[in-house]
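A.B. asks: One structure is given below, represented as structure tokens, and several questions about it will come after.
No value in this document is a laboratory result; all are computed from the given coordinates. As the structure is a prediction and not an experimental result, all values here were calculated from the model. Using ideal geometry, Cβ is built from the backbone for each residue, glycine included, and neighbour counts are taken over all protein chains shown.
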Amino acid sequence: MIQSMTGFGNASLDSEFGKISLDIKSLNSKTLDLNYNLNSIFRNIENDIRSILTSSLKRGKVDLKINFKISENNFSSNLNHAVIKSHIKDLQKITSGVGTEFLKIAVTLPNSIENNRPNLDKKFTDSIKQLVKNAIKELIDFRVQEGSSMELDLLNNLKSIENKLEKIKIYSPERVESVKKKIKQNLEELKVEFDKNRFEQELIYYLEKYDINEEIIRLENHVVFFKKIINEPNIEKGKKLGFVGQEIGREINTIGSKSNHLLMQQTVVEMKNDLEKIKEQLLNVL
């Protein structure tokens, strides 16, 4: 079973302090890239939230956002008249203007408004951390579900490569006979005497350069290894599958360069197309 790096999860909680909603989403990335958008009231548990994320999510670009709407009973704000008046006097010294314009500026300056926020106890912060865990679980469930469809697509494209490799096995002896026939025909057209034993030796040497049996065997082994990795119990498989995919591509390219056979070359092009589809999927595999 493989997992996708793309996913989404959310969780919400109605607490005595107000409504809390949490959204978490992830996209593909080579490493774990965490981004927060936390209400300042949660800064004291930021490290705990980070620890939960890093222990649960190994790779991906992860965005976490916690929305906290404090109820009116737990939050109040008061204008600090003395500070606001002091700000207005300072502004009037700098430039002339209408009093209401100075007031609009003054209330945005530091200490103009006193906020009375609730003190969050351990029970409440623990519930926030559990909320994060719940959202992560939903995210992972999403990743697993998407991963199952990706796995099916990967195996289908891999099977297509295997089927085309069987065609290449059929074309390979045809290609050898075709090369032999063509060389003999060319020699006969030249109407020159030649040593048949020497000709056979040179022909063997020539055909060895175009032999693809080793490439076929290696390609078959890479395909088997690819399937084995998919069925492994560990979670992170994307990078390992990517390395095997590169080896599959190397053998396909070598077969193509040695083919010297129209139908075989066409089959190699189709195999490359299947492999490109696999590589695109692997970019999003955890």
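A.B. asks: Mind scanning LYS164/LYS279; LYS25/LYS227; LYS167/LYS239 and naming the pairs with a C-alpha gap bigger than 21 Å?
C.D. replies: LYS25/LYS227; LYS167/LYS239
A.B. asks: A further question follows. Which of SER26, SER4, SER51 comes first, and how do the rest follow, when ranked by fewest Cβ neighbours within 10 Å?
C.D. replies: SER51, SER4, SER26
A.B. asks: Right, here's the next one. Give me PHE225, PHE243, PHE102 sorted ascending by neighbouring Cβ count inside 10 Å, so fewest comes first.
C.D. replies: Listed from fewest to most nearby Cβ atoms, that is PHE243, PHE225, PHE102.
A.B. asks: Now for a separate question. Could you line up THR54, THR267 from fewest to most neighbouring Cβ atoms inside 10 Å?
C.D. replies: Ordered from fewest to most neighbouring Cβ atoms within 10 Å, THR54, THR267 come out as THR54, THR267.
A.B. asks: With a ≥ b ≥ c taken as the square roots of the eigenvalues of the C-alpha gyration tensor of the stretch 242-286, please select rounded if a/c is under 1.5 and otherwise prolate if a/b is larger than b/c or oblate if it is not?
C.D. replies: oblate
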